[in-house]
1. Semi-axes of the equivalent ellipsoid for segment 6-49, please: Cα gyration tensor eigenvalues, times 5, square-rooted, ordered largest first, whole Å.
2. Hey, what do the phi angles of segment 49-61 turn into as Karplus ³J(HN,Hα) couplings, whole Hz, using 6.51/-1.76/1.60 and θ = phi - 60°, x for Gly and Pro?
3. How large is ³J(HN,Hα), in whole Hz, for each residue of segment 68-83 in order, when computed from phi with the Karplus curve 6.51 cos²θ - 1.76 cosθ + 1.60 and θ = phi - 60°, using x for Gly and Pro?
4. May I have the pair-distance distribution P(r) for segment 68-122, computed from all Cα-Cα distances with 10 Å bins from 0 and rounded to whole percent?
5. Projected onto the charge dipole of segment 13-114 (+1 at Lys/Arg Cβ, -1 at Asp/Glu Cβ, origin at the Cα centre), which of 29, 98, 68 gives the Cα projection farthest towards the positive end?
6. Summing +1 for each Lys or Arg and -1 for each Asp or Glu, what net charge is found among the other residues whose Cβ lies under 14 Å from the Cβ of residue 28?
7. Using only alpha carbon positions, build the gyration tensor of the chain, then give the equivalent ellipsoid semi-axes as the square roots of 5 times its eigenvalues, largest first, whole angstrom.
8. For the chain, give the magnitude of the charge dipole about the Cα centre (Cβ charges: +1 Lys/Arg, -1 Asp/Glu; no others), in debye to the nearest 20.
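FYI, it's all coordinate maths here, none of it is from the lab. Please read these numbers as outputs of a predicted model, since none were measured by experiment. Quick reminder, even Gly has a Cβ in these numbers, built from the backbone with ideal geometry, and neighbours come from all protein chains shown.
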Amino acid sequence: MAYVDGFVIVVPTRKLPAYWKLARASSKIWLELGASEYRECAGDDLNIPFGVPFPKLAKAKPGETVVFSWIVYKNKATRDRVNARVMKDPRILAMCDPKNMPFDMKRMSMGGFKVVVSALKA
């Protein structure tokens, strides 16, 4: 069964172009090294009347955008293998200077998820 890494990131809206550039470059590396899908999504319709809205959950401040992302792998073993390779890839290392990121890494939420239900429209 597929395995998914999911992320919620708060990005200063003025830094979104730099974040999208980083995300596009990163997506190519993850896919090249074995991920099967890579998605980055900007919060758009987040003022919902029920539950906990993403901005509140992520403690987003005015002038910040919530980004919801996920990477899909064939299974957890593939995810572990791909992520180990990605973290050693010189292209990623060159792009990810912790002192010059377009978002605060301490405010990033992430985790690995087993896919339990999967449905696609044919």
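1. Values: eigenvalues 107, 42, 9 Å².
Those come to 23, 14, 7 Å.
2. Karplus-based 3J(HN,Hα) across segment 49-61 equals x, 8, x, 10, x, 3, x, 5, 4, 8, 6, 5, 9 Hz.
3. Karplus values, whole Hz, x for Gly and Pro: 10, 9, 8, 10, 9, 10, 4, 6, 5, 4, 5, 4, 4, 5, 4, 5.
4. 16, 41, 32, 11, 1
5. Projecting each Cα onto the dipole axis, the largest value belongs to 98.
6. Numbers: positive: 21, 24, 39, 85, 91; negative: 32, 37, 40, 89.
With Lys, Arg at +1 and Asp, Glu at -1, the neighbours total +1.
7. In descending order the semi-axes read 24, 21, 12 Å.
8. It works out to roughly 220 debye.
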